[in-house]
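What follows is one structure encoded as structure tokens, with my remarks underneath.
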Amino acid sequence: MARIQDSTPNGNKMSHSTKHVMSLEKLREGFLLEQACRNNSKKTIIYYTENINRLIVFLQEQGVEDASELTKVHIQRYIMHLRDIKKWSGLAQESEDGISSKSLQTYVRAIKIWLTWMYQEECIHDISVTQIKLPRAKRAMIEIIEDTEFRNIIEYLRNKPQNTLRDQLLVMILYECGLRLSEVISL
């Protein structure tokens, strides 16, 4: 904030604060520059850019142009807006499906990081804006194969001409230990 000193009619000095205007676009550029200086990957910077751009468009539609006008309610409304929109592929296209709860959580995480950066840079002064809770993501249900399906797989592997024992062992480890396929592959 800029401080200005004025003189009162009797010559005494009086200081007061003026509002420092900081556009959301300039703050976005400053944040992205810092991310580049921190040597973040291109994909990470694109991730931040896309998420911040969507938020800025939403805020501008709400009449918010300056960071000092930003409130927690604006961010909460944006989260509700994200829940209601259709999924996009790229910046402009939409599909018929809504965004997943995991995607929503990811988008809000990017926004939280930008808001926290603005608070640390003293561009916003209301810490509650940075204290938005991440929406809960639905956990995907893991499909479990039936015992008969498992027996059919083992039987198939027994009748295979090559690597029978190795393949049976890998499938049994996968099944019995509850390992992910990527974990078994790394063995």
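The values are calculated or read from the model by the stated rules, or taken from the named source; none is laboratory data. Because the structure is a prediction, the values reported are computed rather than measured. Cβ: placed from backbone, ideal geometry, glycine included. Neighbour counts: every protein chain shown.
Residues that are farther than 23 Å from E122 by Cβ and surrounded by 14 or more Cβ atoms within 10 Å (Cβ to Cβ) within segment 30-44 comprise just one, T44. Count of segment 45-99 residues, restricted to those that are outside any helix (DSSP H, G or I), of a type in the set (D, E) and at pLDDT below 85, is 3.
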